[in-house]
Amino acid sequence: MFKTLRGVSAEKKELNHSGRSYIGETMQLEGDLRSSGSVDIAGLVNGNVFVSEMTIAETGSVRGLIESATIEINGHVEGKISADSVIVGKNAVIKGDIYFKNSLKTEEGADIDGYIKRINNGKTNTDEDITIEEIVEQERPAKPKIIPVTHHKEAV
């Protein structure tokens with residue numbers, strides 16, 4: 001019923017083992033996207049994205065939560081972004097909060113409407129942090145002691 005194309009059945013197709021997936025400009029994905037590899041987005045994703053590394057091209061758009069180890073944004077994002085390292089390109093438009101652990105780089109011209117916050121990266125206080133805290137404590141004036149005062153009513 002179906003004809004086999006010349007040479008296709010004889011040779012096995014090799015899979016792409018680079019670990020990178022691509023969502024093209026003409027593609028729209030509805031639903032969550034999960035990958036242990038890297039994802040390049042040039043199309044539209046309506047859903048949450050959980051990947052190890054991702055790049056959103058100028059034509060790319062994500063509406064939903066993004067969790068990634070590293071992310072580079074040159075397109076549009078509507079939603080919360082959580083990553084170890086974040087790069088926001090000059091053409092990026094972000095409507096949502098950005099939470100990062102290690103580094104944040106923002107190029108001039110980027111449009112961000114949301115909070116940017118560094119979250120705990122799991123480090124304990126270093127010696128330098130402890131020293132700074134001790135200096136701050138020393139500079140604070142001691143709290144004045146409150147002495148209760150008793151009031152006596154006078155007879156008239």
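Bear in mind that the values in this text are calculations on the coordinates, not laboratory data. Computed from a predicted structure; not experimentally measured. Cβ sites come from the backbone with ideal geometry, for glycine too, and all protein chains shown count toward neighbours.
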(request) Rounded, prolate or oblate: pick one for region 47-98, where a ≥ b ≥ c are the square roots of the eigenvalues of its C-alpha gyration tensor, a/c under 1.5 means rounded, and failing that, prolate if a/b is larger than b/c, else oblate. (result) rounded
(request) Would you mind computing, in nm to one decimal, how far apart the modelled labels at residue 78 and residue 103 are, each placed 7 Å from Cα along Cα→Cβ? (result) 3.2
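Most exposed first by the Cβ proxy, i.e. fewest other Cβ within 10 Å, how do 26, 59 rank?
Numbers: 26 9, 59 15.
Fewest-to-most ranking of 26, 59: 26, 59.
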(message) Under the rule of at least 5 residues apart or a separate chain, name every residue whose amide H is placed under 5 Å from the amide H of residue 92.
(response) 111
(request) Report the FRET efficiency, 1/(1 + (r/R0)^6), for residue 27 and residue 120, where r is their Cβ-Cβ distance and R0 is 30 Å, rounded to 0.05. (result) 0.25
